[in-house]
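These notes concern the structure reproduced below.
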Amino acid sequence: MERVERKSMLGHKVRRYRLGQGLSQVEMATEIGISASYLNLIEHNHRPVTVSLLFKLGQVFDIDLKAFAEDEDARLAAELSEVFSDQLFEGQSISQREILDLVGSAPAAAQATASLYQAYRLLWERMQDLTHTDGARDLPSTELSASPVDAVRDVFQIQSNHFPELETAAEGLWRDAGLHRDSLFQDLAGWLQREQNVTVRVMPVKVMGQSLRRFDLHRRRLLLSEALLPSGRVFQMGVQAAYLGQATLLDRLVDDADLPSEEARALLRQGLAGYFAGAVMMPYESFLEAARELRHDLELLRRRFTVSFEQVSHRLTTLQRPGARGVTFFFLRIDQAGNVSKRLSGGGFQFARFGGTCPRWVVHDAFKTPGSILTQVARMPDESTFFTVARTLDTIGGWRDRLQPEFAIALGCEIRDAKQLVYADGLVGKRQDTATPVGVSCRVCERLDCSQRAYPPMNHRLTVEEHLKRAAPFSFAR
């Protein structure tokens, strides 16, 4: 698949913004001091959107420049690349340029195409289930809708994992409850007792079993498992504080998302409560200041705020407040089998929606050295380069009865922002050929010589050679 610079899509963004403001090309061009013909070239991606032009747009139209320059269309383009890599489209050569043109000029049609494929995929998977089910009496519903998990992930992705109203609510709780960083457990417990008439108790594992948090509504008790780490106990108290003190706000945010099922609504409400808890544990302004001061040293940040590695990593992805933005990070959590349980694209990095992650990515190596931080400079097939930090997470429970599987997370950013991370010292600025070649997924990756490929890529004919065995698992007609 041909390589196309991601900045080319900004022309379509300029056009969509102009049309949204009801301006003609002549009117916008006059406002920003260029000719209408030059603006026409920009809108059709025949001329780049320069830095000086971006500043002019920001001054004249009061645009958030960073948000405008970020290419959120890349997520949809990456999803469509996966869609068109399906064998359903075998024999149809759909170039990356055509995909980018579709997303840029007709985003609603592009999204509809992706949604239609999701419906097809869901139907196909259900038919596979029926094929392998003997004597099934209750057939699955024929109603096609997005997976509740995927639907909720999309909500967080669209919001760039930033919810201003929850941030404001968390700051209000700090002010009203008189919270302090060094006594957060006691302070939250006191607030729950005073304001909600709820008593907090830490209970033995033999009582809680597999439950980490249980709210006894009738006796007004919040029971927390002793298996939780101290940071986990505070987090679960914050979640319960959201359910009890921010119920109206949670309901409104869920209603605004217009999700397709009750399961998705419940999952989103849970995710928003967790967001609130993280914002309480790591207040926005003080956390952003500390992140900059410590150059995103995750271990020092987690100690300063008494939080877990996952909590501090996830919080870094939420720092998108206009006028006070942090580094734009992407985030991923996987288990040892490579199953993705949490992900958030950011900074132009895209994850596979319908498949796993690239096996050459450093997050898979984290399980070999539990507790150690690994780093990697990764180069994508389109030459975009990212810096990644990976580590396993601390487990919950005892040695014999762990209450969750082992996870590893990856936190990363564009290479241009890596200088703000202490982990990148000595790595940024090295020759690009030292970066590890990675891809989004095998179906859309153009690295034909990859020895870890699981599937052949789209638009390449597979060849089988009886008298020749190569290191790479597949051979292709080139």
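Quick one: which residue in Val363, Val307 is modelled with pLDDT of 90 or more, of a type in the set (Val, Ile, Thr), touching a Lys or Arg at 6+ places or on another chain (Cβ under 8 Å) and surrounded by 20 or more Cβ atoms within 10 Å (Cβ to Cβ)? It would help to see each step written out before you state the result.
Details: Val363 fails: touching a Lys or Arg at 6+ places or on another chain (Cβ under 8 Å).
None of the others qualify; the one that does is Val307.
Return yes or no: is Ala241 at pLDDT 95 or above, touching a helix residue (DSSP H, G or I) at 6+ places or on another chain (Cβ under 8 Å) and not aromatic (Phe, Trp, Tyr)?
So Ala241 passes the test.
Which one is farthest from Phe331 (Cα to Cα), of the residues in region 154-208 that are assigned to a helix (DSSP H, G or I) and of a type in the set (Phe, Trp, Tyr)?
Trp191
Which count do you get for residues in region 272-290 that are within 18 Å of Ile158 (Cβ to Cβ) and surrounded by fewer than 19 Cβ atoms within 10 Å (Cβ to Cβ)?
1
Please determine, by comparing only the residues of region 253-270 that are surrounded by fewer than 17 Cβ atoms within 10 Å (Cβ to Cβ) and of a type in the set (Gly, Ala, Ser), which one is farthest from Trp191 (Cα to Cα). I'd like the intermediate steps shown before the answer.
Filtering region 253-270 for residues surrounded by fewer than 17 Cβ atoms within 10 Å (Cβ to Cβ) gives 255-256, 258, 260-263, 266, 270.
After this cut, where a residue has to be of a type in the set (Gly, Ala, Ser) as well, the list is 261, 266.
Numbers: Ser261: 34, Ala266: 25 Å.
Ranking the qualifying residues of region 253-270, first place goes to Ser261.
Return a yes/no flag: does region 294-304 have any residue that is closer than 29 Å to Pro437 by Cα, in a strand (DSSP E or B) and in contact with a Ser or Thr (Cβ under 7 Å, 6 or more places away or on another chain). If you could, list the steps in order and put the result at the bottom.
Taking region 294-304 first, the residues closer than 29 Å to Pro437 by Cα are 295-299.
Restricting the remaining residues to those that are in a strand (DSSP E or B) gives none.
No: region 294-304 contains no residue that is closer than 29 Å to Pro437 by Cα, in a strand (DSSP E or B) and in contact with a Ser or Thr (Cβ under 7 Å, 6 or more places away or on another chain).
Does region 445-467 contain at least one residue that is of a type in the set (S, T, N, Q) and at pLDDT 85 or above? Spell out how you get there, then give the answer.
First pass over region 445-467, keeping only residues of a type in the set (S, T, N, Q): 451-452, 459, 463.
Checking which are at pLDDT 85 or above leaves us with none.
Among the residues of region 445-467, not one is of a type in the set (S, T, N, Q) and at pLDDT 85 or above, which makes the answer no.
Okay, residues lined up against (1) closer than 22 Å to Leu39 by Cα; (2) modelled with pLDDT under 75; (3) not aliphatic (A, V, I, L, M):
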| position | (1), (2), (3) |
| --- | --- |
| Leu65 | yes, yes, no |
| Glu70 | yes, yes, yes |
| Ala78 | no, yes, no |
| Phe84 | no, no, yes |
| Gly91 | no, yes, yes |
| Ile94 | no, no, no |
| Ala109 | no, no, no |
| Thr113 | no, no, yes |
| Ala119 | no, yes, no |
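Say we look at region 20-52 and pick out the residues that are charged (D, E, K, R) and either touching a Pro at 6+ places or on another chain (Cβ under 6 Å) or not in a loop (DSSP other than H, G, I, E, B) (or both); which of these is surrounded by the fewest Cβ atoms within 10 Å (Cβ to Cβ)?
Looking at residues that are charged (D, E, K, R) and either touching a Pro at 6+ places or on another chain (Cβ under 6 Å) or not in a loop (DSSP other than H, G, I, E, B) (or both), I get Glu27.
Going through Phe367, Phe351, Phe331 one at a time, which residue ends up being within 17 Å of the chain's Cα centre (by Cα), at negative phi and not in a loop (DSSP other than H, G, I, E, B)?
That would be Phe331, the only listed residue that is within 17 Å of the chain's Cα centre (by Cα), at negative phi and not in a loop (DSSP other than H, G, I, E, B).
Which count do you get for residues in region 223-252 that are surrounded by 19 or more Cβ atoms within 10 Å (Cβ to Cβ) and in a helix (DSSP H, G or I)?
Step one: list which residues in region 223-252 are surrounded by 19 or more Cβ atoms within 10 Å (Cβ to Cβ), which gives 223-225, 227-228, 231-242, 245-246, 250.
Checking which are in a helix (DSSP H, G or I) leaves us with 231-242, 245, 250.
Matching residues across region 223-252 total 14.
Restricting attention to region 253-284, report how many residues are aliphatic (A, V, I, L, M), farther than 23 Å from Gln320 by Cα and part of a helix (DSSP H, G or I).
Matching residues across region 253-284 total 2.
Pick out the one residue from Ala290, Ala273, Ala257, Ala241 that is outside the structural domain of Arg175 (by TED's automatic domain parsing) and touching a residue at least 12 places away in the same chain (Cβ under 8 Å).
Ala290
The values are calculated or read from the model by the stated rules, or taken from the named source; none is laboratory data. These numbers come from a predicted model, not from an experiment. Please note: Cβ atoms are built from the backbone with ideal geometry, for glycine as well, and neighbour counts cover all protein chains shown.
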